[in-house]
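The structure appears below as structure tokens.
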Amino acid sequence: MEVAIYNIKGEDTGRKAQLSDEVFAVDANEHAVYLDVKQYLANQRQGTHKSKERSEVSGSTRKLHKQKGGGGSRIGDINSPVLVGGGRVFGPRPRDYRFKLNKKVKQLARKSALTYKAQDNQIIVVDDIVLNAPKTKDFVNIAKNLKVDGKKLLVVLPTENKNVTLSARNVADAATMVANELNTYALMNADAIILTEGSLDFINNL
């Protein structure tokens, strides 16, 4: 698959970039994408939630009234879950939400996500993104030139570029990522993906 290569002014350079059919035109697997996104989101959870149970609530353990003969219901101590201020039954406990996913499934998920984006014409290839200093205005102008301003934007770079990263940081719904850190969630969450020509060398060999 061939796509045009643009510069940061939004002009067609007249050159073409080759998108590997083994990455951008695979038999997409929607379930693999679902599993990879599910794992990514699960890994973001801290799992530090906790509520106090009956034995952990501060309060007397004295039985409030005798078991029988009072004409009312049976009741234990003031920490009972049926009373206001009592413990919680089956409340959340700290836990780890992470789960294992095979490498080949994750690889298929990334390729499927890139295939979906290529089919929807949401991939733009630029020759390079060069900013002399961190400047949000310059990044916004690049997005406008490429006609992707106002969209959820993902910029994929071959290596870490501090000026580009800092320039994009204050732009709503814009993110930058190094090619070797690309994940399915970031791809599916973006409405437009800008790939630099240098990052394609890695992505074409996923």
I'd like to check which helices (runs of 4 or more DSSP H) are fully inside the range 107-206 and have at least 3 residues that are more than 30 Å from Ala32 (Cβ to Cβ).
136-145, 162-169
Can you list residue pairs whose Cβ atoms sit under 7 Å apart, with the first residue in the range 158-181 being farther than 14 Å from Ile142 by Cα and the second being open to solvent by less than 60 Å² (accessible area, probe 1.4 Å) and of a type in the set (S, T, N, Q)? Count only pairs 6 or more apart in sequence or on different chains.
Pro158/Thr196; Pro158/Ser199; Asn170/Thr136; Ala179/Ser199
Quick check on my filter: what residues within the range 153-193 are of a type in the set (D, E, K, R) and within 16 Å of Tyr40 (Cβ to Cβ)?
Glu181
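One line per residue, one yes/no per condition, for (1) open to solvent by 60 Å² or more (accessible area, probe 1.4 Å); (2) outside any loop (DSSP other than H, G, I, E, B):
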{"position": "Tyr34", "(1), (2)": "yes, yes"}
{"position": "Val37", "(1), (2)": "no, yes"}
{"position": "Thr48", "(1), (2)": "yes, no"}
{"position": "Leu64", "(1), (2)": "yes, no"}
{"position": "Gly71", "(1), (2)": "yes, no"}
{"position": "Gly76", "(1), (2)": "no, no"}
{"position": "Phe90", "(1), (2)": "yes, no"}
Quick check: anything in the range 107-117 aromatic (Phe, Trp, Tyr), at pLDDT 95 or above and either over 20 Å from the mean Cα position of the chain (by Cα) or farther than 21 Å from Ala179 by Cα (or both)?
no
List the number of the failed condition for Val105; all other conditions in (1) touching a Phe, Trp or Tyr at 6+ places or on another chain (Cβ under 9 Å); (2) under 18 Å from Val23 (Cα atoms); (3) of a type in the set (A, V, I, L, M, F, W, C) hold.
(1)
The range 114-148, residues that are open to solvent by 70 Å² or more (accessible area, probe 1.4 Å) and over 18 Å from Asp12 (Cα atoms):
Gln119, Asp120, Asn132, Pro134, Lys135, Lys137
The range 71-118 - residue that is among the polar types (S, T, N, Q) and touching a residue at least 40 places away in the same chain (Cβ under 8 Å) and, of those, farthest from Ser51 (Cα to Cα)
Thr115
Looking at the structure I just gave you, is Tyr97 among the aromatic types (Phe, Trp, Tyr), within 30 Å of Val57 (Cα to Cα) and surrounded by 11 or more Cβ atoms within 10 Å (Cβ to Cβ)?
yes
Any chance the range 151-165 includes a residue that's open to solvent by less than 50 Å² (accessible area, probe 1.4 Å), more than 15 Å from the chain's Cα centre (by Cα) and under 17 Å from Val3 (Cα atoms)?
no
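The values are calculated or read from the model by the stated rules, or taken from the named source; none is laboratory data. The structure presented is a predicted model; accordingly, all values stated were derived computationally and were not measured. In this analysis, Cβ positions are derived from the backbone assuming ideal geometry, glycine residues included, and neighbour counts consider all displayed protein chains. All accessible areas refer to the heavy atoms of the entire protein, side chains included, with ligands and DNA or RNA removed. Shrake-Rupley method; radii C 1.70, N 1.55, O 1.52, S 1.80 Å.
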